[in-house]
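No lab work stands behind these numbers, since they all come straight from the coordinates. Owing to the predicted nature of the structure, the values given are computational and were not obtained by experimental measurement. Glycine also receives a Cβ, built like all others from the backbone with ideal geometry; neighbour counts cover every protein chain displayed.
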Amino acid sequence: MESVTCRGQVSKKEFMMFYLFHVRKRLAFQSFAFLLLLLISFTYLSSSTDIVRNTFPVFSYSIVVALLYSAAQLGLTAFSAHKDYEGDSYIRRDVTHVINEELLIQQSNKGDKLNNWDDVHEVFTRKDKYLIYIGPYRAVILPFRFFASTKDRQALENIMKQRLKKKQLHLKKAP
């Protein structure tokens, strides 16, 4: 039975990038909905009947306000991620991950967490990490730096390909 062991502590930057990735669809949807609401509002509030003449200012104001709203959303999300990282001692713990064809095991000084491959919802590869979602809202973050070699990362990918359905895997070629 093939097994991969990796170890490390997730940094604040890695956690914040995961957090932004995790909420990306919600942020995009809210920003788009806000832009549409602004377009409708500014168009309705426009006092002129010559809509063609006022289209550019209405569109411009809507874009500017929507961008400010999106920037505020990103700032609040980053602040929330920072607070979560600082407030949760488990995230900042040094963890050893033992991954085989049966289980994903997380070992720390506070105890072990065991997850079956059946518990895995989806797996994503980002620029420098694996995100193994255990359910839709919780993920195991495995930065590439946790692995001793690329051979270990390849072994993990082979295990994931054996144990998960193709639609659960969102693997990109890693550097």
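Restricted to region 120-154, and to residues that are over 16 Å from the mean Cα position of the chain (by Cα) and within 15 Å of LEU169 (Cβ to Cβ), which residue is surrounded by the fewest Cβ atoms within 10 Å (Cβ to Cβ)?
Kept after step one, since they are over 16 Å from the mean Cα position of the chain (by Cα), are these residues of region 120-154: 145-154.
Applying the additional criterion that residues be within 15 Å of LEU169 (Cβ to Cβ) yields 153-154.
Working: ARG153: 19, GLN154: 13.
The extreme case among them is GLN154.
So which residues in region 55-99 are touching a residue at least 12 places away in the same chain (Cβ under 8 Å), farther than 17 Å from LYS13 by Cα, under 22 Å from the mean Cα position of the chain (by Cα) and part of a helix (DSSP H, G or I)?
Residues satisfying the conditions are TYR69, SER70, GLN73.
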